[in-house]
Amino acid sequence: MRTFNNSAAVLLSCSLFLAAGKADAGAEGGTMECLVEPYLKVAVSSAVPGVLEEVKVDRGSRVTKGQVLASLVSGVERALYESAKAKTAFAQRKVERTREMYRKQMISIGEKDELETQWELLKLEEREAEERLKQRTMLSPCDGVVVKRMNSPGEFVQEKPILDLVQLNPLKVEVVVPVRLYGKIKVGMTGMVEWEAPIGGTYPATVKIVDAVVDAASGTIGVRLELPNPNLKLPAGTKCSIRFPGL
């Protein structure tokens, strides 16, 4: 009876070992859950406080990098910039006349140097005035989509965001994989990202980041991939599944 019990225990242990091996192999070679996120999330705010004069976009608007999104009332700043430009132009004309007079030995080098220095200082003042004016216009930092608009013309704004943007091309795909895949998944590899209905389809993504630190509690590492999305066909904020061919 004891021999029979020992044999049964051995058979049971072997069965459990084989089953565990199959489960591990299936996890390595199968699909894993992943999450699709925007490549960038940007809260657009004003560099300086002021009253909104215009907001050119709304929720759902597609924008391009460098596009004007909103602007503050800037009459004073614009007048100061135009004044600085006029002073700089006048100083330039004086310098040009002075150089001609110096060539004819009608003035000293000290007088010439003084006027040229004044011109350089006025150019710096003009540049400062221009930068102050630029601060009152908010430009898009990326190609993307407006997902939220918080303010309207006439409202006073400070450091709080006016608009929220997301960049959806490319998309980020985040996946947590077992530590046994460490060293097998490498930067530059291709993973196949798959959506269920109603989105559907399978799309290739490229591994960009493999975390170097293992989460000891779960025995996993994080992997990030980039998925091209030129027509913005694929949505962010969705779950997906991913597999790595060859693993």
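The values are calculated or read from the model by the stated rules, or taken from the named source; none is laboratory data. The structure displayed is predicted, hence computed values, not measured ones. Using ideal geometry, Cβ is built from the backbone for each residue, glycine included, and neighbour counts are taken over all protein chains shown. Protein only, heavy atoms only, side chains kept; ligands, DNA and RNA dropped before computing areas. Shrake-Rupley method; radii C 1.70, N 1.55, O 1.52, S 1.80 Å.
Report, by residue number, each residue of segment 178-192 that is in contact (Cβ under 8 Å) with a residue 40 or more places away in the chain and touching a Lys or Arg at 6+ places or on another chain (Cβ under 9 Å).
Here is the first cut: in segment 178-192, the ones in contact (Cβ under 8 Å) with a residue 40 or more places away in the chain are 178-181, 184-185, 189-192.
Passing the criteria: GLY191, MET192.
Cβ-Cβ distances below 7 Å connect the following pairs, each with a first residue in segment 114-141 that is without any contact (Cβ under 8 Å) to a residue 60 or more places away in the chain, a second residue that is open to solvent by 90 Å² or more (accessible area, probe 1.4 Å) and hydrophobic (A, V, I, L, M, F, W, C), and a separation of six or more residues or different chains: ALA129/LEU80.
Among residues of segment 196-208 being among the β-branched types (Val, Ile, Thr) and either open to solvent by less than 40 Å² (accessible area, probe 1.4 Å) or assigned to a loop (DSSP other than H, G, I, E, B) (or both), the one that is modelled with the lowest pLDDT is ILE199.
Restricting to segment 41-61, name every residue that is touching a Pro at 6+ places or on another chain (Cβ under 8 Å) and in a strand (DSSP E or B). Write out each step before concluding.
As a first pass, look at segment 41-61 and keep what is touching a Pro at 6+ places or on another chain (Cβ under 8 Å): 42-45, 52-55.
Selection gives VAL42, ALA43, VAL44, LEU52, GLU53, GLU54, VAL55.
If you filter segment 84-112 down to residues that are under 21 Å from ARG127 (Cα atoms) and β-branched (Val, Ile, Thr), you find that the one that is surrounded by the most Cβ atoms within 10 Å (Cβ to Cβ) is THR88.
Pick from GLU155, GLU159, GLU116: which is more than 30 Å from GLY219 (Cα to Cα) and either open to solvent by 90 Å² or more (accessible area, probe 1.4 Å) or basic (Lys, Arg) (or both)?
Numbers: GLU155 fails: either open to solvent by 90 Å² or more (accessible area, probe 1.4 Å) or basic (Lys, Arg) (or both); GLU116 fails: either open to solvent by 90 Å² or more (accessible area, probe 1.4 Å) or basic (Lys, Arg) (or both).
Going through GLU155, GLU159, GLU116 in turn, just one is more than 30 Å from GLY219 (Cα to Cα) and either open to solvent by 90 Å² or more (accessible area, probe 1.4 Å) or basic (Lys, Arg) (or both): GLU159.
Close Cβ contacts (under 9 Å, 6 or more residues apart or on different chains) running from residues in segment 34-53 that are touching a residue at least 12 places away in the same chain (Cβ under 8 Å) and surrounded by 17 or more Cβ atoms within 10 Å (Cβ to Cβ) to residues that are among the aromatic types (Phe, Trp, Tyr) and not in a strand (DSSP E or B) comprise VAL36/TRP195. Screening ASP211 against (1) open to solvent by 50 Å² or more (accessible area, probe 1.4 Å); (2) in contact with a Lys or Arg (Cβ under 7 Å, 6 or more places away or on another chain); (3) of a type in the set (D, E, K, R) leaves a single unmet condition, (2).
Being touching a strand residue (DSSP E or B) at 6+ places or on another chain (Cβ under 8 Å), assigned to a loop (DSSP other than H, G, I, E, B) and open to solvent by 40 Å² or more (accessible area, probe 1.4 Å) is the filter here, so list the residues in segment 181-195 that pass it. Lay out the reasoning, then the answer.
First pass over segment 181-195, keeping only residues touching a strand residue (DSSP E or B) at 6+ places or on another chain (Cβ under 8 Å): 181-182, 185-195.
Checking which are assigned to a loop (DSSP other than H, G, I, E, B) leaves us with 186-189, 195.
Selection gives LYS186, VAL187, GLY188, MET189.
Tell me yes or no: at least one residue of segment 135-149 is modelled with pLDDT of 95 or more and touching a helix residue (DSSP H, G or I) at 6+ places or on another chain (Cβ under 9 Å). Among the residues of segment 135-149, at least one is modelled with pLDDT of 95 or more and touching a helix residue (DSSP H, G or I) at 6+ places or on another chain (Cβ under 9 Å), which makes the answer yes. Within segment 221-235, the residues that satisfy the criterion of being of a type outside the set (D, E, K, R) and at pLDDT 95 or above are ILE221, GLY222, VAL223, LEU225, LEU227, PRO228, ASN229. In segment 150-178, of all residues being charged (D, E, K, R) and modelled with pLDDT of 95 or more, the one that is farthest from SER71 (Cα to Cα) corresponds to GLU174.
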